[in-house]
Amino acid sequence: DVKELKKEFGRLLSVDPKALEYHLREGHIVKWLEYIGETELAKKLKRIKNPVKAYERIEEYLKKKGLE
C-alpha cells in the first residue's frame, strides 16, 4: 500500500537513491500505483524523476488522505 511505499522510499533514499531514480524514470512505480487503484497518486508522480520530490509527493498525498 502507499504507507509501505513511503516507508520503502525513505529507506532507499538513504541506501540506494539511484534505484529509485531508475524505477521512477521507467514508470514502474506509477504503473504499480495504477494497478492497485491509487490513480490520484500515480498522476502526481507521473513525470517526477527525482526521488526526494517523489517522496515529498507521497507524504503530501498521505497527509491529504489522513493516512499519515
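Would segment 41-60 turn up any residue that is among the charged types (D, E, K, R), in contact with a Phe, Trp or Tyr (Cβ under 7 Å, 6 or more places away or on another chain) and without any contact (Cβ under 8 Å) to a residue 24 or more places away in the chain?
yes
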Top-ranked residue in segment 6-53 [being part of a loop (DSSP other than H, G, I, E, B) and touching a Lys or Arg at 6+ places or on another chain (Cβ under 7 Å); ranked as surrounded by the most Cβ atoms within 10 Å (Cβ to Cβ)]: Ile48
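Read the figures in this text as sums done on the coordinates, not as results from a lab. What you are looking at is a predicted structure, and each value in this text was computed from that prediction instead of being measured. Cβ atoms come from the backbone with ideal geometry, glycine included; neighbour counts cover every protein chain shown.
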